[in-house]
Each structure stands twice: as C-alpha cells, then as structure tokens.
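Enquirer: Questions regarding the structure given below will be posed in turn.
Nothing in this text is a laboratory measurement; each read-out follows from the coordinates by a stated rule. For clarity, every value in this text was computed on a predicted model and none was experimentally measured. Because the Cβ atoms are built from the backbone with ideal geometry, glycine has one as well, and the counts that use them run over all protein chains shown.
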Amino acid sequence: MILIEPLTKILIHDHAVKGEKTKEKLFGGFCVCGGIMYQKSWFHMKNIYIVVSECEKCWRNEAMAFNGSKTLVSRDEVEVVDRTQIKPFLKRLLSPSEYEALIARARGEEYSYNAYSRAKNKLAKIGLSLDEILGYL
C-alpha cells in the first residue's frame, strides 16, 4: 500500500481510493517499536475500512483494515509519498517519455501530446487525477 499524502489517497492493488484526514489526534494503536500511533486518515472501499496511523516515536506508517463488523482483517506497513516525493513516485509509475511530457506540461513548455495522453490515461486508470497531480509539480 502506498499513501499519497497530499492527495489523501491510498494505492491498493493499482487502484487509488480517496480518504479523509482525521481532524483530531486520535489513538491508532501501538507501534512495533513500542511507540503510540495516531490516526492520520480513513479510507472506505466496499465493506472494508482502512485507517492509516503514524508512530509518534519512529514515524512508521501502518494501515489497519477492518471488515464491516469492525474485525481487524490485516495490518500492513504503508509507504508514504509526501509532496517532495511526488516526482520520484511518478517516475516509477510512468515511462520516461510520459514523465518528461508531464513535467514539461507542468512547466508550460512544449511536450509530446501522445506521451502526455498516455500518462493521463495511465493515471486515470488507477484513479489519480492529472489535475490534482499537476498542482504538485
């Protein structure tokens, strides 16, 4: 799982799910390091609820998935992509020509329309809005 923090989206099996940030400092469990975890965001997908929490001590992020009856289904470490890591994240998702077209478009420079269109389609297929991403480039 990958949390794209500035968009409040979590990438699960190549599908982005929109979430909601928590507004208060709520308990999110105990970390493997012994620290206390606090909730960052909640996500809902079908009958699964996912809470992403961050450790106050080691900054580890973890997702806990619950089914509709609030039973813990899984607990996994989460990779977090913050606003400074958007470009490396896009480099992993897109081909070099698609990435360069996206960056050129964000800068207002000339770009390959075909490569840009492929990037836009690839991102849309997994549920990421190009307009949202362009705001962070």
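Enquirer: Write down Rg/Rh for the chain, rounded to two decimals, with Rg from the C-alpha atoms and Rh from the Kirkwood relation over Cα pairs.
Expert: Ratio value, two decimals: 1.04.
Enquirer: Once the dipole of the range 1-115 is set up with Lys and Arg at +1 and Asp and Glu at -1 on Cβ about the Cα centre, which of Leu93, Thr8, Phe27 lies farthest towards its positive end?
Expert: Looking along the dipole axis, the top candidate is Phe27.
Enquirer: Given contacts defined as C-alpha pairs under 8 Å and at least six residues apart, what's the relative contact order of the range 69-137, whole-number percent?
Expert: 28 percent
Enquirer: Give me the dipole magnitude in Debye, nearest 20, for the chain about the Cα centre, with unit charges on the beta carbon: positive for Lys and Arg, negative for Asp and Glu.
Expert: Dipole size: approximately 200 debye.
Enquirer: Pick out, in residue order, every one of the chymotrypsin sites (Phe, Trp or Tyr not before Pro) in the range 53-137 that is DSSP loop and has at most 12 other C-beta atoms within 10 Å; say none if there are none.
Expert: Taking the range 53-137 and a limit of 12 other Cβ atoms within 10 Å, the loop chymotrypsin sites (Phe, Trp or Tyr not before Pro) found are Trp59.
Enquirer: Projecting each Cα onto the charge dipole of the chain (Lys/Arg +1, Asp/Glu -1 at the beta carbon, about the Cα centre), which of Asn47, Leu134, Thr84 comes out farthest on the positive side?
Expert: In the chain, that residue is Asn47.
Enquirer: Using helices alone, I'd like the mean residue ellipticity at 222 nm for the chain: each DSSP H run of four-plus residues gives -39500 (n - 2.57), total over residue count, nearest 500.
Expert: Value at 222 nm, helices only, nearest 500: -8500 deg cm²/dmol.
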